[in-house]
1. What residues have an amide H closer than 5 Å to that of ALA135, excluding those fewer than 5 places away on the same chain, when H is modeled at 1.01 Å from N in the peptide plane?
2. Which of rounded, prolate or oblate describes the range 131-247 when judged by the alpha-carbon gyration tensor and an a/c cut-off of 1.5?
3. Would you please give the FRET efficiency between GLU327 and SER152, computed as 1/(1 + (r/R0)^6) with r the Cβ-Cβ distance and R0 = 45 Å, to the nearest 0.05?
4. Kindly write out, for the range 288-301 in residue order, the coupling ³J(HN,Hα) from the Karplus curve 6.51 cos²θ - 1.76 cosθ + 1.60 (θ = phi - 60°), rounded to whole Hz, with x marking Gly and Pro.
5. In bins 10 Å wide, starting from 0, what share of all Cα pairs of the range 7-100 does each bin hold, as a percent?
6. Summing -39500 (n - 2.57) over the DSSP H runs of n ≥ 4 in the chain and dividing by its residue number, what mean residue ellipticity at 222 nm do you reach, to the nearest 500 deg cm²/dmol?
7. What fraction of the DSSP beta bridges in the chain is antiparallel, stated in percent and rounded to the nearest 5?
8. I need to check one value: relative contact order of the chain, counting alpha carbon pairs closer than 8 Å and at least 6 residues apart, in percent.
Amino acid sequence: MNFEYTEKVQNLIERVTDFMNRYVFPVEEQMHQQVAQDPWSTPPLMEELKAKAKAEGLWNLFLPVSYGKYSAGLTNLEYAPLAEVMGQVMWAPEVFNCAAPDTGNMEVLAKYGNEMQKKKWLEPLLEGKIRSAFAMTEPEVASSDATNIELSIERDGNEYVINGRKFYISGACRKQCEIMIVMGKTAPTNENRYIQQSQVLVPMNTPGVTMVRPMKVFGYDDAPEGHAEITFENVRVPIANIIMGEGKGFEIAQGRLGPGRIHHCMRSIGVAQRALDLMCKRVNERIVFGRPMIKQQSIREDIAKSACQIEQARLMTLKAAQKMDTEGNKAAKDLIAMIKIVAPSMSLDVIDRAIQCYGAAGVSQDTFLAHAYAGQRTLRLADGPDQVHMMQLGRDLVKKITA
């Protein structure tokens with residue numbers, strides 16, 4: 001394994017870092033103020049930053065080379081350090097058109113979509129003109145097992161009729177969100193429960209689509225993105241809106257979540273690194289019991305533990321990314337599961353120590369730490385809870401060893 005970055009990637013790391021330092025970090029508070037003024041719409045400042053990033057060629061960096069003219073041509077391994085830098089600010093990936101859920105939706109449409117779907121929805125997403133959402137989780141069933149979902153997608157002539165309820169649909173609260181990929185069942189009685197599901201494109205303005213409320217995460221509404229609860233009541237869409245065909249929903253979901261999971265982990269490392277950097281500054285400046293906090297042995301141990309954990313997670317993420325590039329997502333599934341288990345918990349550990357060093361300020365709005373903690377805790381549930389990854393990983397490892 002060689003994790004040394006090429007000159008091309010090193011140049012991109014420097015450019016993204018410079019962009020963050022010049023344009024993103026200085027306006028964090030201004031961005032929050034604009035969101036507060038119009039919570040569910042993309043802030044004007046975001047559009048300004050997106051235009052700057054696009055002009056500098058720092059755009060769609062997550063897309064691998066196989067996706068053509070819209071792609072930066074980077075592998076997963078090459079994208080990893082860039083996602084880490086962007087991940088230091090919760091909303092920064094959007095600046096570079098690298099924000100979930102759009103990234104996963106774009107990958108789905110690029111890989112599985114037909115030409116009409118690509119023209120109508122993928123291209124505007126790649127250009128950053130619209131936003132999207134992915135509707136999978138349901139309040140009434142354990143959605144970590146995708147075969148449990150109950151939303152119905154029934155064929156009626158040249159249309160599909162959709163009925164059901166979804167929640168925690170990230171991105172769907174935003175006014176600029178124009179399209180959802182919705183997962184439901186087209187064949188609920190099929191004996192093979194892995195081909196009961198399908199995924200269909202549903203425009204937000206379709207009659208019968210009702211945004212019930214924005215869900216909160218530890219009290220945060222995460223505007224303007226939001227996490228919507230939505231009902232679908234006799235929602236009709238053309239049959240051309242089905243992705244790949246009936247019964248392909250589970251297959252698409254698995255293809256979508258592999259890259260998405262590792263992208264989350266890359267950003268988690270960036271969050272943890274920023275928390276550690278803040279902790280180091282704080283303990284060097286803060287005086288307790290007559291001397292700087294850094295003189296306390298427990299503080300030094302916390303910093304050392306945090307640095308070790310971050311580097312361990314970083315190396316595991318890079319190894320998973322490299323295997324995805326060289327052997328494919330399926331071959332890398334064990335490593336993807338491992339890092340999805342490790343990275344959010346690691347980040348929570350580091351952020352928690354940073355909060356402790358900041359004291360009361362650490363849980364306030366005066367640092368990014370409290371909101372970051374809420375976001376990282378959510379990642380232990382997003383894209384599959386820890387327990388599901390551990391259950392499947394343990395099963396697969398035993399199979400390999402005992403085969």
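1. ILE181, VAL182, MET183
2. Details: a/c = 2.19, a/b = 1.41, b/c = 1.55.
Here the range 131-247 falls in the oblate category.
3. On the way: r = 38 Å, r/R0 = 0.84.
Working from the Cβ atoms, E equals 0.75.
4. 10, 6, x, 8, x, 4, 4, 6, 7, 4, 5, 5, 4, 5
5. The distribution over the range 7-100 is 16, 51, 26, 7, 0, given as percents.
6. Values: 12 runs with 187 residues, N = 403.
Using -39500 (n - 2.57) per qualifying helix, the result is -15500 deg cm²/dmol.
7. On the way: 31 of 37 bridges.
Roughly 85 percent of the beta bridges in the chain run antiparallel, per DSSP.
8. Details: 666 pairs, mean separation 57.6, N = 403.
Relative contact order for the chain comes out at 14 percent.
Each reported figure results from applying straightforward, stated rules to the coordinates on display, with no laboratory input. This structure is a prediction, so every number in the text was calculated from the model and none was measured. Every residue, glycine among them, receives a Cβ derived from its backbone with ideal geometry; neighbour counts consider all protein chains shown.
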